[in-house]
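Trainee: One structure follows; several queries about it will come next.
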Amino acid sequence: MAKPATALARELRRRQTEAEVRLWSRVRNRQLGDLKFRRQVPRGPFVADFLCDEAMLIVEVDGSQHDDRLSRDVRRTTYLESLGYVVMRVRNYDLLQNTDRVLDHICSSATAPKGPLIRPFGAPSPQGEKGSLSRRLGV
């Protein structure tokens, strides 16, 4: 039987990756833009790596194992976006090698105006009408 999301979240908090430890050390206690982040937060059937309800932002830290689970990650992102969150995916390598740059990108995404993407009349989206918000934000 699968573990309930809260039990899984507790377990994931105990065994964070090096990249997750680094990100948590920089976003906890409102260190980043005075935003309240929580880690390993259950949302429906999924556990979000880092979540900021104030900004409706979820940051997912992906290791190389995610290369083999693209369809699962797409379902997860689609579900979380359906709840109103912007989902930003960050690679472990990028977070470890360019921590400050990743933090700047998280902060700018968190403070960006929310709501429907508004384009001038007649200007199509580069990804078409079905492009997800996280892809349109370049994350």
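Read the figures in this text as sums done on the coordinates, not as results from a lab. Everything numeric here is computed off the predicted structure, so don't read it as measured data. Cβ placement follows ideal geometry from the backbone for every residue including glycine, while neighbour counts extend to all protein chains displayed.
Trainee: ³J(HN,Hα) across the stretch 48-57 via Karplus (A = 6.51, B = -1.76, C = 1.60, θ = phi - 60°), whole Hz, x for Gly/Pro?
Mentor: Going residue by residue, I get 6, 4, 9, 10, 10, 5, 4, 9, 6, 10 Hz, with x marking Gly and Pro.
Trainee: Output wanted: per-residue J couplings in Hz (rounded whole) for the stretch 84-101, from phi through Karplus 6.51 cos²θ - 1.76 cosθ + 1.60, θ = phi - 60°, x for Gly and Pro.
Mentor: Result, ordered by residue: x, 7, 8, 10, 10, 9, 10, 7, 3, 4, 4, 5, 6, 8, 9, 3, 4, 5 Hz.
Trainee: Given H placed 1.01 Å from N in the peptide plane, which residues other than close sequence neighbours of ASP62 have an amide H under 5 Å from its amide H?
Mentor: Placed amide hydrogens put VAL90, ARG91, ASN92 under 5 Å from ASP62.
Trainee: Continuing with this model, one more query. Ranked highest first by average number of other Cβ atoms within 10 Å, how do 95-108, 70-83 line up?
Mentor: Ranking, from highest mean packing down: 95-108, 70-83.
Trainee: Per-residue counts of other Cβ atoms within 10 Å, averaged by peptide: what ranking do you get for 14-26, 46-58, highest first?
Mentor: 46-58, 14-26
Trainee: Also: Calculate the spin-label point distance for ALA112 paired with ARG72, positioning each point 7 Å from the Cα along the beta-carbon direction, and give it in nanometres.
Mentor: With each label point 7 Å from Cα toward Cβ, the separation is 2.8 nm.
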